[in-house]
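The next block holds one structure in the form of structure tokens; read it before the comments.
The values are calculated or read from the model by the stated rules, or taken from the named source; none is laboratory data. Since the structure is predicted, the reported quantities are computational estimates derived from the model, not experimental observations. All Cβ positions, glycine included, derive from the backbone under ideal geometry; neighbour counts span all protein chains shown. Calculation scope for accessible area: heavy atoms of the full protein, side chains included, ligands and nucleic acids excluded. Shrake-Rupley method; radii C 1.70, N 1.55, O 1.52, S 1.80 Å.
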Amino acid sequence: MVATTYRLKRNISLNGRIFMNALRENSTLVFFSVFLICGMLFGAVFARNADITTLKKLDFLFYSNFQSRAGQPIFDVFSASFASSFLFIFVCFLCGLSMWGMFLIPAVLFFRGFGLGLTSGYLYAVYGGKGVLFNLSVILPGAFVCCIAILLAAKEGSRFSRVIASCSAGSGKRTISQPKMKPYLLHFGAILMLAFLAAVFDVLFSGCFAGMFSFK
């Protein structure tokens with residue numbers, strides 16, 4: 001019994017160290033995730049005073065017009081989803097090209113989270129359980145992959161921005177490594193492939209489940 005308790009405590013301690021090491025190794029992603037989650041919370045609170053007209057106006061940014069998912073052609077669902085992801089990834093890309101971009105990227109994550117929280121909060125506030133089911137089965141699978149892509153874009157943009165800032169601060173020192181554009185472009189190309197996958201998820205889950213719900 002004592003030996004079993006000892007092994008259990010040892011395993012818990014080991015798992016705790018592994019978890020803390022994982023957090024430290026991915027501290028940038030954790031940091032940006034906090035802004036994304038805070039944006040979702042603010043969006044959910046704001047949803048109390050929102051209406052469907054507001055969601056339609058923000059559709060280009062967040063693909064938030066859930067009413068149109070069931071009736072839209074597959075290409076329209078894909079293009080709307082990918083365009084929304086591409087916009088935020090592109091902003092992170094541009095921020096990475098400036099030494100000040102690292103200070104703007106958290107706002108991009110907050111704004112993206114706000115859009116997701118706004119849609120989710122509105123569905124729950126207006127449609128209750130049906131809205132929650134729609135959100136879980138249609139919106140969140142693609143949105144989850146999209147958020148991962150944007151988080152990776154934020155991390156890469158922030159890293160490149162810091163390199164540029166370091167080069168500017170030590171412009172006379174040969175020890176400062178110069179930013180390399182080709183790897184930066186390749187990384188963002190891979191991130192766009194993840195955004196492409198998110199759009200495919202939106203098409204699949206919208207096609208399979210959106211027709212089961214009516215919000216008229």
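Key figures for this structure:
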{"read-out": "Point-to-point label distance, LYS182-PHE90, nm (Cα→Cβ direction, 7 Å offset)", "value": "2.6 nm"}
{"read-out": "Hz values of 3J(HN,Hα) by residue in the stretch 111-128 - Karplus curve (6.51, -1.76, 1.60), Gly and Pro given as x", "value": "5, 5, x, 4, x, 5, x, 5, 5, 5, x, 5, 4, 6, 5, 8, 10, x"}
{"read-out": "Segments 131-138, 184-191 sorted - mean Cβ within 10 Å per residue, highest first", "value": "131-138, 184-191"}
{"read-out": "Inter-site label distance for SER79 and CYS38 at 7 Å from Cα along Cβ, in nm", "value": "3.7 nm"}
{"read-out": "Accessible surface, the stretch 99-210, averaged per residue in Å² (probe 1.4 Å)", "value": "49 Å²"}
{"read-out": "Counted charge near TYR124, where neighbours are those whose Cβ lies closer than 11 Å (Asp, Glu -1; Lys, Arg +1)", "value": "+2"}
{"read-out": "Estimated vicinal HN-Hα couplings, Hz - the stretch 146-163 in sequence order (Karplus 6.51, -1.76, 1.60; Gly, Pro = x)", "value": "4, 5, 4, 4, 5, 4, 5, 5, 5, 4, 5, x, 5, 4, 5, 5, 5, 5"}
{"read-out": "For the stretch 195-208, Karplus couplings with θ = phi - 60° (6.51, -1.76, 1.60), whole Hz, Gly/Pro x", "value": "5, 4, 5, 4, 5, 5, 4, 4, 5, 5, 6, 5, x, 7"}
{"read-out": "Contour minus Cα-Cα distance for MET99 and SER166 (0.36 nm per residue)", "value": "23.3 nm"}
